[in-house]
Amino acid sequence: MTEPNLIEAAAEEAVTLTSELIRIDTTNTGDPDTLVGERAAAEYVAEKLTDAGYEITYVESGGKDRHNVIVRLPGADPSRGALLIHGHLDAVPADASEWSVHPFSGAIQDDYVWGRGAVDMKDMCGMALALARHYKINGIVPPRDLVFAFLADEEAGGKYGAQWLVENRPELFEGVTEAISEVGGFSITLKDNVRAYLIETAEKGIRWMKLRVRGTAGHGSMIHRDNAVTKLSEAVARLGNHRFPLVMTDSVREFLDGVTEITGWDFPEDDIEGSVAKLGNISRMIGATLRDTANPTMLTAGYKSNVIPSVAEASVDCRILPGRLEAFNAELEEILGPDIEKEWMELPPVETTFDGALVDAMTNAVLAEDPGARTLPYMLSGGTDAKSFQSLGIRNFGFAPLQLPADLDFSALFHGVDERVPVDALKFGVRVLDRFLRSA
């Protein structure tokens, strides 16, 4: 282990780095005309790594201000597979008028670091950057090569980040066999104040879909039987109100079995959604992994109130369980019918098992800092850059450890108002990651 005073200094620096990264606006709207881009944040990261002594790889991936930073720290045993620690620098938009603090202030107050990206995922970027600097400056050699990657465009699927790098610069990840990143390793408090740390082993697949209906344009004062807005609205309502079948995947069952072992709570399959509600705030995330979802998110049609448009469009966010794609497509066709045009961008599900030396190292690192806790696998209802890296044969986990207050509604902070991360949780995460990276 690192000397306590040195690792505590790294933990303090992680808080500062997270705050400073939040202050750099990296809003990703998904629209090239309105996004901000990651250039400034990537330059900040590159400067911090260069100052620590790294030779960085700085990759511009083709879009305006879309930048990625990658470094490799050689390990003691170069014959072992390397470990990838990756995080994205972009963040979703935020409306400052809705926030208690400015979303790009990076304010450190009330024992939290506040701002857009605080949990998604500039906290993990800050922890990883602090440890990368700490290891290089202090001459610490990990057991195997560590590849630190700070990436663009995750919030829009990674076209200019992980996906682009996998397709165009795969040599940067030569020898990488396993990876860790966001939305895992955080704690939930269960019965008798026992904490369980959820390690992400699976993700639903993503399909961002556009529906399009064509009709006959005309004057709004007349009778129209071929109204594109009406036809689209009816189709979107059918899809939005549809409930896909409940499916109990291995990842979800293993998580629920672990909770039963800790708490004694039952999760009968004939009332699985009702019993999952006992999990409190985390039930929204777990509940979303019990079935496929298709949520309409945007509608676009027309240009004047008295003109019936010839085209109407809707955007739908679809999340699909592993192994369900064929069945999902069949249901989709039945719901929408033949007259709805469809186009989409799709990213695959991710799934691995909760076993092996890497999982043991995660568990041991957590328990060293929180004796009496448990680690459990779970499926993420959203998606991460793991979807791209698995195409290189890399085994992926969500492990960005945070010890959270029992009453914090953590899942609501992702893309939410007043996004924030506890200062003590960040420091805890650095200590856990240090133990993990030095033993994995």
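With R₀ fixed at 22 Å, the C-beta to C-beta distance from ILE140 to ALA357 puts the FRET efficiency at about 0.60. Model label sites at GLU334 and GLU261, defined 7 Å from Cα along the beta-carbon direction, differ in position by 3.7 nm. On the basis of the beta-carbon distance and an R0 of 35 Å, THR34 and ARG225 show a calculated FRET efficiency of 0.40.
Each Lys and Arg Cβ is given +1 and each Asp and Glu Cβ -1; about its Cα centre, region 340-396 then shows a dipole of about 80 debye. Report the Cα centroid-to-centroid distance between region 352-391 and region 204-244 in angstrom, as an integer. Cα centroid to Cα centroid, the span is 41 Å. Compactness of region 142-232, taken as the C-alpha radius of gyration over 2.2 N^0.38 Å, stands at 1.96. Dipole check for the chain: with +1 at the C-beta of Lys and Arg, -1 at the C-beta of Asp and Glu, and the Cα centre as origin, the magnitude is about 600 Debye. Taking every C-alpha pair closer than 8 Å and separated by at least 6 residues, the mean separation divided by the residue count of region 202-347 gives a relative contact order of 47 percent. Around GLU174, under 11 Å between beta carbons, what's the net of Lys plus Arg minus Asp minus Glu among the other residues? Taking every Cβ under 11 Å from that of GLU174, the sum is 0. Structure note, pairs LYS159/LYS427; LYS159/LYS304; LYS231/LYS342: Cα-Cα distances above 24 angstrom occur for LYS159/LYS427; LYS159/LYS304. Applying both filters, DSSP loop and at most 16 other Cβ atoms within 10 Å, to the trypsin sites (Lys or Arg not before Pro) of region 1-83 gives LYS64, ARG80. For region 71-192, averaging the sequence separation of C-alpha pairs within contact (under 8 Å, six or more residues apart) and dividing by the residue count gives a relative contact order of 43 percent.
Based on the alpha-carbon gyration tensor of region 9-139 and its eigenvalue square roots a ≥ b ≥ c, which shape applies: rounded if a/c is under 1.5, prolate if not and a/b is larger than b/c, or oblate? In terms of gyration-tensor shape, oblate. DSSP finds beta bridges in the chain, and of those with both partners inside it, around 70 percent are antiparallel. Approximating the spin labels as points 7 Å out from Cα along Cα→Cβ, the LEU6-to-HIS102 distance works out to 3.8 nm. With contacts taken as Cα pairs under 8 Å at a separation of at least 6 residues, the chain carries a relative contact order of 24 percent.
Specify whether the C-alpha gyration tensor of region 1-85 places it in the rounded, prolate or oblate class, a ≥ b ≥ c being the square roots of the eigenvalues: rounded for a/c under 1.5, otherwise prolate if a/b is larger than b/c and oblate if not. The shape class here is oblate.
For the chain, a Kirkwood radius taken over Cα pairs fed into Stokes-Einstein (20 °C, viscosity 1.002 mPa s) yields D = 94 µm²/s. The charge dipole of region 202-347, taken about its Cα centre with unit charges on the Cβ of Lys, Arg, Asp and Glu (plus for the first two, minus for the last two), comes to roughly 880 debye. Shown here are the Rg and Dmax of the Cα trace of region 202-347, at 19.5, 65 Å.
In region 208-249, whose amide N lies under 15 Å from the spot 7 Å out along Cα-to-Cβ of LYS304? List them in ranges. Backbone N within reach: 217-222.
The residues packed around PRO268, meaning those with a beta-carbon under 13 Å from its beta-carbon, carry a net charge of -4 if Lys and Arg are +1 and Asp and Glu are -1.
For region 43-144, GluC sites (Glu not before Pro) meeting the loop criterion (DSSP other than H, G, I, E, B) and having at most 12 other Cβ atoms within 10 Å: GLU55. A simple spin-label model places the labels of THR297 and GLU47 3.3 nm from each other, with each point 7 Å out along Cα-to-Cβ. Fewest neighbouring Cβ atoms within 10 Å first, the residues GLU313, GLU174 line up as GLU174, GLU313.
Taken together, the values in this text are just the output of simple stated rules run on the coordinates, not laboratory data. Here the structure is a predicted model, which means the values were calculated and not measured. A quick note on method: Cβ atoms are made from the backbone with ideal geometry, for glycine too, and the neighbour counts reach across all protein chains shown.
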